[in-house]
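The values are calculated or read from the model by the stated rules, or taken from the named source; none is laboratory data. Everything numeric here is computed off the predicted structure, so don't read it as measured data. Surface areas here come from the heavy atoms of the whole protein model, side chains and all, with no ligands, DNA or RNA. Shrake-Rupley method; radii C 1.70, N 1.55, O 1.52, S 1.80 Å.
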Amino acid sequence: MTDDAPVTLLIVDDHPVVRDGLRGMFESAPGFRVLGEASNGVEALERAAALDPDVILMDLRMPGGGGVDAIRELTRRGARAKVLVLTTYDTDSDTLPAIEAGATGYLLKDAPRDELFTAVRAAAEGRTVLSPAVASRLVSAVRTPRAPGKEPLSAREREVLALVARGTSNREIARELFISEATVKTHLTHLYAKLGVKDRAAAVATAYDRGILG
């Protein structure tokens, strides 16, 4: 990207109205070009590989493939695109996994138009952009070490755990969540560590005991 070239974008959100709104907003502003859209994380990976955008505006909770898994896979692939999360969720279980997965920035959908434009330009340059609410949460998380077994589960880990509680196999979980069996096993490993348990039965029992499931 040269100084006078527009910042190219891929918009990822499961709501067509949101995608249309974002596309219209960026296409009406100088210095941006929307290359395409995707409705979930799996589609985002395909579109990112085909379009090679400068910045991916990524929602987090989407049926058919969430944002955190997509961010993690983009990072693993060494994708050139910078990921700017744009979501309505600012809880620890959403923000921390997204940042850890490799997101360059994290904004909430109530951000003013000019703030979003500035954030996209900053992300394209590789600078970290965080909404004030998210920044304060990250600072608190860094300053307050979690006791073993007390770290909150991510949204995807909760989904996997809920399916485990129903007796769903790893293969069936992978099919239902549109992820690989290897990814299911990774989520299980992480949630076992967070819950301080060693197997599926103990994870389910502990989750019910703590009110995570119920």
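3J(HN,Hα) along the stretch 54-64: 6, 9, 10, 7, 10, 6, 9, 9, 9, x, x Hz, from the Karplus curve 6.51 cos²θ - 1.76 cosθ + 1.60 with θ = phi - 60°, whole Hz, x for Gly and Pro. Near Tyr106, the amide H atoms lying under 5 Å from its own belong to Val85, Val129, Leu130, Ser131; only residues 5 or more places off or on other chains count, and H is placed 1.01 Å from N. One decimal place: the segment Leu108-Arg61 gains 15.6 nm when fully extended, by the rule 0.36 nm per residue minus the C-alpha distance. Taking Ala124, Ala155, Ala182 in turn, the Gaussian network model of the chain (Cα-Cα springs below 10 Å) assigns the largest fluctuation to Ala182. Using the 1.4 Å probe convention, the accessible area of the chain works out to 50 Å² per residue with neighbouring protein chains retained.
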